[in-house]
Amino acid sequence: MSAASIRPATPADIAAIYGLMLELAEFEKLTHLFVVTQDGLRDALFGARPAAEALVAEQAGEVVAYALFFHNFSTFLGKRGLYLEDLYVRPALRGSGVGTMMLRKLAALAVERQCGRFEWSVLDWNQNAIDFYEKMGATVLPDWRVVRITGDSLDRLADGAA
């Protein structure tokens, strides 16, 4: 099998990235939350005000993995950071080095952009991912919890009703 290459995503990759995003939602058993459309994804990545960026891994002309990321900001560091929203590698290619290549490329991008940190979240039940990330030198922070507000709750908070 030929080696994978990592490159920035282009608008021509939208259908492939969308398909991999759906695979990720299925893997995480979260398809009930998957509402993004290909047009919405295209706008988020390549529209007038892009919200995120993406890298893809290509092997034998096929997109087999993607990483979707964006910048955040650390007030304590006074620098922006690189936040990895998704890293997904097709199951058949896990353990082949594609995920490692993607993380290294993202780390290099964070260093190049003078980011103070590179971070992401991992589901607590995904021990394979946790082990992989720790092997790469990452620390899973035990004292932090993700806080999220969406849907009707977000609307109520915005309206002052919460």
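Any read-out appearing in this document is the output of simple, stated calculations on the displayed coordinates, not a laboratory observation. Just so it is clear, the structure is predicted and the values come from calculations on it, not from any experiment. Neighbour counts are summed over all protein chains in view; Cβ atoms, including those assigned to glycine, are modelled from backbone coordinates with ideal geometry.
A few notes on this one:
- Cβ-Cβ distances below 7 Å connect the following pairs, each with a first residue in the range 146-162 that is exposed (fewer than 11 other Cβ atoms within 10 Å of the Cβ), a second residue that is hydroxyl-bearing (Ser, Thr, Tyr), and a separation of six or more residues or different chains: Val146/Ser121.
- Which listed residue, of Glu53, Glu28, is in contact (Cβ under 8 Å) with a residue 12 or more places away in the chain and more than 23 Å from Gln127 (Cβ to Cβ): Glu53
- Condition met for Phe76 (closer than 25 Å to Pro142 by Cβ, out of contact with any Leu (no Cβ under 9 Å at 6 or more places or on another chain), surrounded by fewer than 18 Cβ atoms within 10 Å (Cβ to Cβ) and not polar (S, T, N, Q)): yes
- Answer residue from the range 88-118, given it is in a strand (DSSP E or B) and touching a Leu at 6+ places or on another chain (Cβ under 7 Å) and is surrounded by the most Cβ atoms within 10 Å (Cβ to Cβ) among those: Tyr88
- Matching residues, the range 126-158, being more than 22 Å from Leu55 (Cα to Cα), out of contact with any helix residue (DSSP H, G or I) (no Cβ under 8 Å at 6 or more places or on another chain) and either assigned to a loop (DSSP other than H, G, I, E, B) or of a type in the set (Phe, Trp, Tyr) (or both): Asn126, Thr139, Leu141, Pro142, Asp143, Trp144, Arg145, Val146, Val147, Arg148, Thr150
- Residue under evaluation Leu123, criteria (1) assigned to a loop (DSSP other than H, G, I, E, B); (2) within 26 Å of His32 (Cα to Cα); (3) free of Cβ contacts under 8 Å to residues at least 60 places away in the same chain, criterion not met: (3)
- Selected residue [in contact with a Cys (Cβ under 6 Å, 6 or more places away or on another chain) and of a type in the set (D, E, K, R)] from Arg7, Arg80: Arg80
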